[in-house]
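Read through the structure below, which is laid out as structure tokens, and then see the notes.
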Amino acid sequence: FLAPFFANNTSNRTNVAKSTSINQENKAMLEYYDENINDVKPKKSSYLKTYLQNVYNFLHSPSIVFIYDSIAYIVFLCLFSYFILCEFRYTETVVIYEYDKNETSLTELDKTEVKTYPGVYEYVLLIWILSLTIEELRQFFQGENHIRFKLKLLRYFRDKWNYLDILGCLFFAIGFILRVVSIWTTEKVFMFAKISFCIDLTIWYLRLLHVSLVFKSLGPKLVMIQKMIRDLIFFMCLIAIFVCAFGITTEAALYPSSNFDLNLFRRILTKGYWPVYGTIKILEDFDRFSANCTGRLDCPEPHGLVYSYIVLMIYMVVANVLLVNLLIAMFSSTFQRVHENTDLIWKFQRYALVYEYVEAPVFPAPFCMVIYLFKAFRTIFKRMCRKKFYEEESYFGNNSLNLIQTIEKKSSIEYLELKQEQMRRTIDAILKWNSEKLELLEQKLNTLLENKVTLKK
């Protein structure tokens, strides 16, 4: 409420002429227009009206909307985190007490575990997610109405942050449905709901990176991360070949008669994947072998130990030395390419951020639900009034409708004539100003010619 006192939203052509670097002739031309064109001067508004207008402009500025939205989003993450950590339980303990009149005290009789129902925190988060979903729908349908659905779909998914928004709303809906279903089922369904909420909270925390776009030092770093993830996907496809080649062959050499189950896949990944990061679990198989190990199922084959030891040395050189340094070189190249265009990337990010919050509601989620409800009721009311206007012919008879159409035609003609008159006055003023300048130039030219003739004589 204090910021509008310091915000200066007034602007006119005189201030523009003073603030911009234009020459004296353009300033004289603007002053000439202000003196000769009979425009309607706006009345001086009251102090209260000016203050309210400044408040409106202040609250609708993209930077203020962005700040309010960021603060509300951080509150949402804190509330969601507290709910997952402390308030999301399948059962709660209910203690039954008995009041003793003689001793005037409570005596504990029994403790029971009862299933919990959705509480206040869950409903608040549900309303919050619902408002975020409506905001995503607004972003999808905003713009021109004549644009086809396919083009709107492509324009909406062009922003990669919308993928996180959709996934966040989807996982919350799945988790809330499973949580309600778990009331009449087992605790296993409740654990699936909790896992869904945990994934959803992870997505919303990743969505917080969107705030860093406003900073010039952090915004381009997100582009670096995005491009490095592409390099990492290529690297993971490449290293998967070596992991399968080493893990499967060593497992087959050490334990020829293994059962086909999940533990088999776990042992293959343990032998092939974790050595890339320095955790060499296969050495435990080498240490397990001894003279008394023969005849046991968990005992590795002696000939397989020799093969695995030789292959391990080759694999460590290829995986830890060659492939990891290749990934570091790819990251360095990507970082250098993005760092050269840091300023340009940040300007594009800043423009996209401002464009997003120009059309955003003033109040952040979940308070924007009030604005959406108000707009919905206003739209319904307008359509009902319009329908009633066209359906009730008795309210406006044929003569009244003809009179209204005649008045509209007359007003349109008067408006067009007024615009043409203003255009003519503007053209006349320009011609008059040009003619005066030409006369002035002609006088100066005649003076120069006379001086020249006098000098020649």
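Results, tabulated for the structure shown:
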read-out: Probe 1.4 Å, accessible area per residue of region 178-228, Å²; value: 53 Å²
read-out: Per-residue SASA entry for TYR255, accessible area with 1.4 Å probe, Å² rounded to 10; value: 30 Å²
read-out: Computed magnitude of the charge dipole of region 225-359 (debye, nearest 20; Cβ of K, R +1, Cβ of D, E -1); value: 120 debye
read-out: Sequence-separation-based contact order of region 225-359, relative, with Cα cut under 8 Å and 6+ spacing, percent; value: 31 percent
read-out: Cα-based equivalent ellipsoid of region 225-359: semi-axis lengths in Å, sorted from largest, via gyration tensor; value: 46, 16, 10
read-out: Accessible area, probe 1.4 Å, largest first, for residues PHE176, PHE83; value: PHE176, PHE83
read-out: Share of carbon and sulfur in the accessible heavy-atom surface of region 225-359 [1.4 Å probe, %]; value: 68 percent
read-out: For peptides 55-61, 336-342, sequence by mean Cβ density within 10 Å, most packed first; value: 55-61, 336-342
read-out: Unsatisfied cross-links (Cα-Cα over 29 Å) in the set LYS152/LYS382; LYS432/LYS457; LYS49/LYS375; LYS49/LYS216; value: LYS432/LYS457; LYS49/LYS216
read-out: Cα principal axis extents for region 117-182, largest first, Å; value: 46, 18, 16
read-out: Residue order for CYS368, CYS78, CYS198 - accessible surface, 1.4 angstrom probe, largest first; value: CYS78, CYS198, CYS368
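The values are calculated or read from the model by the stated rules, or taken from the named source; none is laboratory data. All values reported here derive from a predicted model rather than from experimental measurement. Reconstructed Cβ throughout: ideal geometry from the backbone, glycine too, with neighbour counts over all protein chains shown. What goes into the accessible areas is simple: the full protein's heavy atoms, side chains included, and nothing from ligands, DNA or RNA. Shrake-Rupley method; radii C 1.70, N 1.55, O 1.52, S 1.80 Å.
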